[in-house]
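The structure appears right after this line, and notes come after that.
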Amino acid sequence: MIRTALARCWQRLQRRGLTLLVTGGAWMSYGAHISIQPRYGTVRGIGPLLDLMPMPGWGLVWLVCGAAAVVFSAARPGHDVLGIGGAIVPPLLWAVAYALGATVGGDPKAWGAIAPWASHAVVILIVVVGTRPRKVVMVPHG
């Protein structure tokens, strides 16, 4: 019975949905963490973003984006755009924030966090592009 349920779940999610599900869960966890108890290095590194909104607000952004990724993980390709955005936007935002933090007088060590955060978004994009359905074009015979 459990095997059947797992098989149905896998049949529905596949790699694309599983990527959104796992990423969404991770972003929700991270969002809760930075809302309640952000690390000192994170606060220093993303200083330019904190001029726009306090850390609990950014934590809420991560939570909402993560929830979107989880909710849309079971959607069919083409109907999961909000989930894909929810999975990709937060790490790209963090990569840009760390880049700004490293260049405009924030934390000079912030540059070390740019590639790790950007790589999350790139890996998700690779999975999304690699799992999009192929379009079948009918060629009329003349």
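The numbers here are math on the coordinates, done by the rules we state, and not lab data. Remember, predicted model here, so these are calculated numbers, not experimental data. Quick reminder, even Gly has a Cβ in these numbers, built from the backbone with ideal geometry, and neighbours come from all protein chains shown.
Which residues does a label at Thr103 reach in region 39-71, if reach means a backbone N under 16 Å from a point 7 Å past the Cα toward the Cβ? Residues 46-49 qualify, since their backbone N sits under 16 Å from the label point. Taking every C-alpha pair closer than 8 Å and separated by at least 6 residues, the mean separation divided by the residue count of region 13-130 gives a relative contact order of 30 percent. Here the sum of -39500 (n - 2.57) over DSSP H runs of 4 or more residues, divided by the residues of the chain, equals -24000 deg cm²/dmol at 222 nm, to the nearest 500. Computed extension gain for Arg76 through Arg134, at 0.36 nm per residue and net of the alpha carbon distance, reaches 19.6 nm.
Once the Cα atoms are used to define both axes, helix 2-36 deviates from the longest principal axis of the chain by about 10 degrees. Compute the acute angle (0 to 90°) between the alpha-carbon long axis of helix 114-130 and the principal axis of greatest extent of the alpha-carbon atoms of the chain; round to the nearest 10°. Helix 114-130 and the main axis of the chain meet at about 10 degrees.
Taking the C-alpha atoms only, the angle from helix 55-71 to the longest principal axis of the chain is near 10 degrees.
In summary, the convex hull built on the alpha carbon positions of region 13-130 has an orientation-averaged projected area of 6.6 nm².
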